[in-house]
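The values are calculated or read from the model by the stated rules, or taken from the named source; none is laboratory data. Here the structure is a predicted model, which means the values were calculated and not measured. Neighbour counts run over all protein chains shown; Cβ positions are idealised from the backbone, glycine included.
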Amino acid sequence: MPGGNGTGPFGGGPGTGRGMGGSGGRGRMGGNRPGAGPGGDCICPKCGEKVSHQVSVPCYSIDCPKCGTKMVRG
């Protein structure tokens, strides 16, 4: 303990751990990543076609209905 006053290392204290953040978002990490939650669309990176995302079906496993390219999460 620096200085012997019970404060611990610099920057420590209540409310500074990982679990205290206020970052909202969907899924495990939010955004357009794998595990981004049940909602949203799958989008073709080649022609822009959108298909509604289905739970437990990764977008990269779906072929675009227009051009056949693998879809990505949008």
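Okay, here's what the table says:
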read-out	value
Any pair with Cβ under 8 angstrom, 6 or more apart, that starts in region 48-73 at a residue that is of a type in the set (Ser, Thr, Tyr) and ends at one that is assigned to a loop (DSSP other than H, G, I, E, B)	Tyr60/Met71; Thr69/Cys44; Thr69/Pro45; Thr69/Lys46; Thr69/Cys47
Considering residues of region 39-53 that are under 12 Å from Arg73 (Cβ atoms) and assigned to a loop (DSSP other than H, G, I, E, B) only, the residue modelled with the lowest pLDDT	Gly39
Complete set of residues in region 50-64 that are farther than 14 Å from Pro38 by Cβ, in contact with a strand residue (DSSP E or B) (Cβ under 7 Å, 6 or more places away or on another chain) and not aromatic (Phe, Trp, Tyr)	Lys50, Val51, Ile62, Asp63
